[in-house]
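**Q** Mind having a look at this structure? Questions to follow.
The values are calculated or read from the model by the stated rules, or taken from the named source; none is laboratory data. These numbers were taken from a predicted model, which means no experiment stands behind them. Quick reminder, even Gly has a Cβ in these numbers, built from the backbone with ideal geometry, and neighbours come from all protein chains shown. Areas reflect the complete protein model, heavy atoms only, side chains present, ligands, DNA and RNA absent. Shrake-Rupley method; radii C 1.70, N 1.55, O 1.52, S 1.80 Å.
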Amino acid sequence: MLEIRGLAASINEKPILNGIDLEVPAGEVHAIMGPNGSGKSTLGYVLSGREDYAVTGGTATFNGVDLLAMEPEQRAAAGLFLAFQAPIELPGVNNANFLRTALNALRRAHGESELDAVQFLKLAKAETKRLAMPDDMLKRNVNVGFSGGEKKRNEVLQMALLRPKLAILDETDSGLDIDALKIVADGVNALRRPEFSALVITHHQRLLDYLVPNKVHVLLHGRIVRSGGPELAKELEKSGYAELIAEAA
Amino acid sequence: MSTGASGFLERFEGVLGKLPGDSALRAAAAAAFRASGLPGDSRGRRIEAWKYTSLRAVADAKFQREAAPRHEAETILAGLPLLDAPRIIFVDGAWRDDLSAIAAAGFARFAQQPDFGTLTWPDREPMVALNTMLAEDGAVLDVPADHDGGVVQLVSIAASDADFHPRHSVRLGRGARLTLVEISVGQGTYLLNTVAEIHVAEGATLTHIRLQDEAASAFHVSTTYADVEAGATYDSFTLNLGARLSRTEVHAQLTGKGGAAHLNAAQLLAGSQHADFTSVVGHTAPGCQSRQTVKNVLAGKSRGVFQGKIEVARQAQKTDGYQMNQALLLSPFAEVDSKPELEIFADDVKCSHGATVGELDAEQMFYLRSRGVPEAEARSILVRAFLAEALDAVADETIRARLEAAVEGWWERQAA
Amino acid sequence: MAAVTETLDTVQSVTQSGYKWGFETTIEMDFAPKGLSEDIIRLISTRKEEPEWMLEWRLKAYAAWLKMEEPHWARVDHPPIDYQDLHYYAAPKKRAGPKSLDEVDPELLKMYEKLGIPLKERAILAGVDPDTVEDRQVAVDAVFDSVSVATTFQATLRKAGVIFCPISEAIREHPDLVKQYLGTVVPTGDNFFAALNSAVFTDGSFVYIPKGVRCPMELSTYFRINARNTGQFERTLIIAEAGSHVSYLEGCTAPQRDENQLHAAVVELIAMDDAQIKYSTVQNWYPGDANGKGGIYNFVTKRGACRGARSKISWTQVETGSAITWKYPSCVLHGEDSVGEFYSVAVTNNHQQADTGTKMIHIGKGSRSTIISKGISAGHSNNTYRGLVRMLPGAANARNFTQCDSLLIGDQCGAHTVPYIESRNPTAKVEHEATTSKIADDQLFYCRQRGLSEEDAVSLIVNGFCKDVLKELPMEFAVEAQKLLAVSLEGSVG
């Protein structure tokens, strides 16, 4: 599904990614771990097309299509979803309005009929209920005045409604209590099916207890330095990154 | 003897050629002044920049042609809250060697080294035109690159019922530092019309403190132009306490990347005083910062004016501009006029301004009174707190203490 | 939920470009010769079958205008206007007067359709009995160029005692009311453009709501310029007697033209004790082309007088059109505890220039005012907020709150804020806040990551930015306004 070869990227001419090779087959969940500043978030941004990052080398294809050549909204239409580490506030923009606009933009891109307000609300309310979110979350402005946990849950709600093929979760677990963590994991697990993949960026092994990955990769200085099964996460939780950093040095 | 603009022009005809410096420049300024007249004078044009301040009273006043001291400059000087630092003293607009104490080099008199500079706009500012016509003396201060000039006090004492037009020039070399404390006081009915040109070169810092405590019947007009280069800081604070009518006008241009301009002020007015603080901050380079907090406390029938403009040029991206104007009206006869203005031509900027006008916060008053503080005292506590916030902008504790003492003096005068 | 539906539909439907309403109708016109003189004013007065006092009033205004100079304090630039090169009177040729709607020119009805006048109203214009129309009712006094040609709902309004008619008719039919109020809020010599309007106004609306009456429907007038080189000088007068309520809607669209056209309207509102007037405008005159050629010059004087205690006047405007907008809907708050409001969205794109804002003059004790202004500049345009808040000595405990926000789209435009705050009462409180910003890159990226195109994202964020104003609009206008915002900003990104 996702194939990354030698991907290099920089911001303000400072290299962040230095040749990433990664393959996420359909139906798999991969975790990306690594210390602060290793390039985890950058990978998410580069894959979703944020403009301030310059791709300086390598390729990334999504179901065989060149991802890097597409506009951000085309990548979204192709089925890529990024759950932001720090979700953006949109003052004055109603959450339901935003979600329906996004959903209908995707439906339009897929040649599907657009949902009217009634159909949409039915769908959205079912999802908020499933994610144990209060209904008024739909009425509030996008992320404005949301607590940290509410923002993260709002990202999961969007993911649930937009039903992506590939979800990149950028530290969606940070700052969540255990109940919220389960909700996030359940949200992703509910989407798990043969044609869905996820790239879970996290600091902690905790989320991976609920969202068991097929593979774990460790990112360091913009490169994947180690890959393994779920047990690698547990190992890192115990030993930390010090050893890996020493190895790389 | 004519008064008003024509009086000044007649005088100019009389002294033309006898004054130092470029007489063609003076003649051009006179032509501009002839066209504009004094702001607010019925014979003059209406000027938006002088919307709230009229110099009609200046036009009607009869100033003596020659300075003829009626008061002892030494006595006035003795009463000043001067610091133990170099002082440059002007009496009736003329430098007084006997009263001054200048340890540092880099000082010259305008009378001997006349330089009108390049920043002023006599064709736009009538009072700058008037100054350019008639300026005779002033201070020229040069702080060499990477040199710390310490504190220098520039004092103007008026002892005659005349008009004075000092012309100052302050230049800080790259990385230089200076704290300039400008004090203006006097006795009698006079007009002090100062123009100062300030250059702050790359990485230099000028702290400019002004204490205006002129005589109750005096007119005080002061126009400052500051050119702030890359990474340089022009940090100014003005405290206006005296004068029947004062106009403090500051034009700061941020011409290099990463420069900063702070134009803070407080005005305390009573009786029928009128004080106008007008500022224009021009962001012409990217990544500069400007900060402005101006507070007015208005008692009696006084009138406080604030006009502040932030101009951001097309190329001045990443500008960070902030402006706050607050006024406290302590009397039903006082008036405040405020015009905080933004003129923005760049899109990636953070500019905001706020203005509040009103009396003391009723809840705070009630809180103090419920704790047993009598109303008058509660009022005084809250007004002082309001002013203290403004004075907080002065980082140097010794100087701030002198300013606080001047504020206390003002309160005592009101109580008397 | 309907509003949200509409919003979404609106945002998505914005794919067309250019000025959607730029068509011309081919109704035969009846012009007065070009130029302005006492004779032209006499001709206008005669054509309007006006009484002698009205002519005198006009001539007095004309005499005042001759002594005045065109104002240049606003931040707008335009080539000199030749006031002698305009037609001051144009009317569709009368065919014995459209006494019934059947007689209305089918061209005109077609035009309403293109203008997007709601189906229901078109049905009414086409002759359906108003009483059979349910739901929200909207009365339309359609001004086609200078002459009102159709007025609906007269029966319903008459039953309530409301007078809603062309002002020319009011001058003939209700001279006492007109005489008593006309020019009392905006005097003939108030300013250059108001004086010009007073001398030559050809039509506009007159509304009178009697004591205690809540107007049974929204009153709506669609103005439209449709003749080459025809100055438009509408005059509107709304009087709300004690305890009455009225909501008045005004919408403008104009056909595409190359030559600049002058528009100088005057609107006067009067609210007595406990009366409330809500005046909403969506202004979409032709803004000129992308190179700044053509477009309407819109010099408008709008002012309301809150004469009575607890009276309230609320202005809401969405200004997207015109090459030049010069407009300051104001409130004079005489009445104790009276309330003035100004909610404004002004969008400028390409080479448009807007200098707009308000004046809140507080005279009465306890009077309150709120100013919310949202300016959006794009392209090479300049957008200025200019506002005055004045607290007079009698305005004890008066309050004002002002919030002015500017949004810049692109680095070739300008956004300016020029507030004047004057207070002479210590118990009065004024608070003013202003900010300038741009659409943050991360906001755009967030929306695009969710699948929105850049233009849709901009439109969504801009609508959010304007929400505090748009929510003040009556429903049917809110929808049109959102559509207009999107259309006005087309091509401003990317």
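**Q** Please tell me if B:Gly203 is surrounded by fewer than 19 Cβ atoms within 10 Å (Cβ to Cβ), within 29 Å of B:Ala260 (Cβ to Cβ) and in contact (Cβ under 8 Å) with a residue 12 or more places away in the chain.
**A** Criteria not met by B:Gly203.
**Q** Hey, another quick one. Which residue, of C:Cys466, C:Cys413, is away from chain A (no Cβ under 14 Å) and crowded, with 24+ Cβ neighbours inside 10 Å?
**A** None of the other options fit; the residue is C:Cys413.
**Q** Another one. Got at least one residue in segment B:171-179 being crowded, with 23+ Cβ neighbours inside 10 Å and under 30 Å from B:Leu55 (Cα atoms)?
**A** Looking for residues that are crowded, with 23+ Cβ neighbours inside 10 Å and under 30 Å from B:Leu55 (Cα atoms), one finds none in segment B:171-179, hence no.
**Q** Among the listed residues C:Lys359, C:Lys374, identify the single one that is within 19 Å of C:Cys306 (Cα to Cα), under 28 Å from the mean Cα position of the chain (by Cα), more than 13 Å from chain B (Cβ to nearest Cβ) and among the charged types (D, E, K, R).
**A** Matching residue, one of C:Lys359, C:Lys374: C:Lys359.
**Q** Filter segment C:427-449 for residues that are among the polar types (S, T, N, Q) and in a helix (DSSP H, G or I) and give the result.
**A** Across segment C:427-449, the qualifying residues are C:Gln443, C:Gln449.
**Q** Restricting to segment C:386-406, give me the number of residues that are facing chain B (nearest Cβ under 9 Å) and either in contact with a His (Cβ under 7 Å, 6 or more places away or on another chain) or surrounded by 22 or more Cβ atoms within 10 Å (Cβ to Cβ) (or both).
**A** Residues that pass the stated criteria total 6.
**Q** Mind checking whether some residue in segment A:174-197 is open to solvent by 10 Å² or more (accessible area, probe 1.4 Å) and either part of a strand (DSSP E or B) or hydroxyl-bearing (Ser, Thr, Tyr) (or both)?
**A** Scanning segment A:174-197, I find at least one residue that is open to solvent by 10 Å² or more (accessible area, probe 1.4 Å) and either part of a strand (DSSP E or B) or hydroxyl-bearing (Ser, Thr, Tyr) (or both), so the answer is yes.
**Q** Do the conditions hold for C:Ser205, that is, is it at pLDDT below 95 and farther than 23 Å from C:Tyr297 by Cα?
**A** no
**Q** Does A:Glu155 qualify as being closer than 21 Å to A:Phe196 by Cα, away from chain C (no Cβ under 12 Å) and acidic (Asp, Glu)?
**A** No.
**Q** Kindly evaluate B:His262 against the criterion of being of a type outside the set (S, T, N, Q), closer than 26 Å to B:Met127 by Cβ and open to solvent by 20 Å² or more (accessible area, probe 1.4 Å).
**A** yes
**Q** Only one of A:Ala233, A:Ala246 is surrounded by fewer than 14 Cβ atoms within 10 Å (Cβ to Cβ), modelled with pLDDT under 90 and hydrophobic (A, V, I, L, M, F, W, C); which?
**A** Going through A:Ala233, A:Ala246 in turn, the sole match is A:Ala246.
**Q** Ok, one more. Let me spell it out: the conditions are (1) within 12 Å of chain C (Cβ to nearest Cβ); (2) surrounded by fewer than 16 Cβ atoms within 10 Å (Cβ to Cβ); (3) out of contact with any Pro (no Cβ under 7 Å at 6 or more places or on another chain), and A:Gly145 meets all of them except one. Which number is the exception?
**A** Unmet condition: (1).
**Q** Among the listed residues B:His283, B:His208, B:His220, which satisfies the condition of being open to solvent by 10 Å² or more (accessible area, probe 1.4 Å), out of contact with any helix residue (DSSP H, G or I) (no Cβ under 8 Å at 6 or more places or on another chain) and at pLDDT 95 or above?
**A** Only one candidate qualifies: B:His220.
**Q** Out of (1) more than 20 Å from C:Glu454 (Cβ to Cβ); (2) open to solvent by 10 Å² or more (accessible area, probe 1.4 Å); (3) in a strand (DSSP E or B), what's the single condition that is false for A:Ile32?
**A** So A:Ile32 meets the others, but not (2).
**Q** For B:Asp123, all conditions in the list (1) open to solvent by 70 Å² or more (accessible area, probe 1.4 Å); (2) closer than 20 Å to B:Ser184 by Cβ; (3) charged (D, E, K, R) hold save one; what is the number of the exception?
**A** Of (1) open to solvent by 70 Å² or more (accessible area, probe 1.4 Å); (2) closer than 20 Å to B:Ser184 by Cβ; (3) charged (D, E, K, R), only one is false for B:Asp123: (2).
**Q** Which residues, counting only those in segment B:385-395, are surrounded by fewer than 16 Cβ atoms within 10 Å (Cβ to Cβ) and not small (Gly, Ala, Ser)?
**A** B:Glu389, B:Asp392
**Q** Only one residue in C:Ser381, C:Ser423 is more than 7 Å from every other protein chain (Cβ to nearest Cβ) and surrounded by 20 or more Cβ atoms within 10 Å (Cβ to Cβ). Which one?
**A** C:Ser381
**Q** Of everything in segment C:435-454 that's among the polar types (S, T, N, Q) and within 7 Å of chain A (Cβ to nearest Cβ), which residue is surrounded by the most Cβ atoms within 10 Å (Cβ to Cβ)?
**A** C:Gln449
**Q** Also, I was wondering about something else. For segment A:41-57, give me the residue count where each residue is of a type outside the set (Ser, Thr, Tyr), in contact with a helix residue (DSSP H, G or I) (Cβ under 6 Å, 6 or more places away or on another chain) and not in a strand (DSSP E or B).
**A** Within segment A:41-57, residues that are of a type outside the set (Ser, Thr, Tyr), in contact with a helix residue (DSSP H, G or I) (Cβ under 6 Å, 6 or more places away or on another chain) and not in a strand (DSSP E or B) number 2.
**Q** Could you count how many residues in segment B:332-370 are open to solvent by less than 10 Å² (accessible area, probe 1.4 Å) and among the polar types (S, T, N, Q)?
**A** Of the residues in segment B:332-370, 1 are open to solvent by less than 10 Å² (accessible area, probe 1.4 Å) and among the polar types (S, T, N, Q).
**Q** Sticking with this one: Starting from residues that are at the interface with chain C (Cβ under 10 Å from one of its Cβ atoms) and open to solvent by 20 Å² or more (accessible area, probe 1.4 Å), keep the ones in segment A:61-76 and report whichever is farthest from A:Leu166 (Cα to Cα).
**A** Only one residue tops the list, namely A:Glu71.
**Q** With over 18 Å from the mean Cα position of the chain (by Cα) and at positive phi as the only criterion, which of C:Gly212, C:Gly204 stands out?
**A** Selected residue: C:Gly212, the only one of C:Gly212, C:Gly204 that is over 18 Å from the mean Cα position of the chain (by Cα) and at positive phi.
**Q** Quick one: count up the residues across segment A:187-197 that are closer than 17 Å to A:Lys215 by Cβ and touching a Lys or Arg at 6+ places or on another chain (Cβ under 8 Å).
**A** Of the residues in segment A:187-197, 2 are closer than 17 Å to A:Lys215 by Cβ and touching a Lys or Arg at 6+ places or on another chain (Cβ under 8 Å).
**Q** Restricting to segment A:81-102, count the residues that are at the interface with chain C (Cβ under 8 Å from one of its Cβ atoms) and either aromatic (Phe, Trp, Tyr) or within 18 Å of A:Phe196 (Cα to Cα) (or both).
**A** The number of residues fulfilling the criteria is 4.
**Q** Kindly list the number of the only condition in (1) closer than 24 Å to B:Arg402 by Cα; (2) of a type outside the set (D, E, K, R); (3) open to solvent by 30 Å² or more (accessible area, probe 1.4 Å); (4) assigned to a loop (DSSP other than H, G, I, E, B) that fails for B:Thr75.
**A** (4)
**Q** Out of (1) in a strand (DSSP E or B); (2) over 22 Å from A:Gly19 (Cβ atoms), the odd one out for A:Leu219 is which?
**A** A:Leu219 satisfies all of (1) in a strand (DSSP E or B); (2) over 22 Å from A:Gly19 (Cβ atoms) except (2).
**Q** In segment B:86-94, is there at least one residue being in contact (Cβ under 8 Å) with a residue 40 or more places away in the chain, surrounded by fewer than 21 Cβ atoms within 10 Å (Cβ to Cβ) and in the same structural domain as B:Ser156 (by TED's automatic domain parsing)?
**A** yes
**Q** Restricting segment A:88-105 to residues that are open to solvent by 10 Å² or more (accessible area, probe 1.4 Å) and part of a loop (DSSP other than H, G, I, E, B), which is nearest to C:Glu472 (Cα to Cα)?
**A** A:Gly92
**Q** I need a count of the residues in segment C:353-376 that are open to solvent by 10 Å² or more (accessible area, probe 1.4 Å) and in a loop (DSSP other than H, G, I, E, B).
**A** 3
**Q** Take segment C:438-453 and flag every residue that is hydroxyl-bearing (Ser, Thr, Tyr) and within 14 Å of A:Ile88 (Cβ to Cβ).
**A** C:Tyr446
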